[in-house]
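The values are calculated or read from the model by the stated rules, or taken from the named source; none is laboratory data. Given the structure is predicted, the values throughout are model-derived calculations rather than measurements. Positions of Cβ are generated from backbone atoms using ideal geometry, with glycine treated the same way; all protein chains shown enter the neighbour counts.
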Amino acid sequence: MVDETKETRLTAWVHGSVQGVGFRWWTRSRALELGLTGSAANLADGRVEVIAEGPQEHCERLLAALRSSEPPGRVHHVIERWSPARGDLDGFVER
């Protein structure tokens, strides 16, 4: 059984047509709705890197949203990495 209150860090690299379409703003809105802290940043190679910390269940819900048909643009695939929460994030920002 998953501990839904366990704090975790999700780092997700979103591949596709996700820059210049409001993707980071959309991601920030979903993350704030879920009570997560972190950031969404454009990378030079066209990907968006999403870092989110909070309860594992909430991070999993954000990851599912990133992989859904909801985000603006076109998401081809998402690569994820899970690690222990560091607790060094404040708010959720677009970079």
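Which one of these does GLU4 not meet: (1) modelled with pLDDT under 95; (2) touching a Phe, Trp or Tyr at 6+ places or on another chain (Cβ under 9 Å)?
Result: GLU4 passes all but (2).
Restricting attention to segment 42-73, and to residues there that are assigned to a strand (DSSP E or B) and under 10 Å from the mean Cα position of the chain (by Cα), which single residue is surrounded by the fewest Cβ atoms within 10 Å (Cβ to Cβ)?
Per the stated criteria, the residue is GLU49.
Regarding segment 19-35, can at least one residue be identified that is assigned to a strand (DSSP E or B) and surrounded by 18 or more Cβ atoms within 10 Å (Cβ to Cβ)?
no
Could you tell me whether any residue of segment 71-84 is hydroxyl-bearing (Ser, Thr, Tyr) and within 18 Å of SER29 (Cβ to Cβ)?
Within segment 71-84, none of the residues are hydroxyl-bearing (Ser, Thr, Tyr) and within 18 Å of SER29 (Cβ to Cβ).
Is it true that THR11 is in contact (Cβ under 8 Å) with a residue 40 or more places away in the chain and surrounded by fewer than 18 Cβ atoms within 10 Å (Cβ to Cβ)?
Spelling it out, THR11 is indeed in contact (Cβ under 8 Å) with a residue 40 or more places away in the chain and surrounded by fewer than 18 Cβ atoms within 10 Å (Cβ to Cβ).
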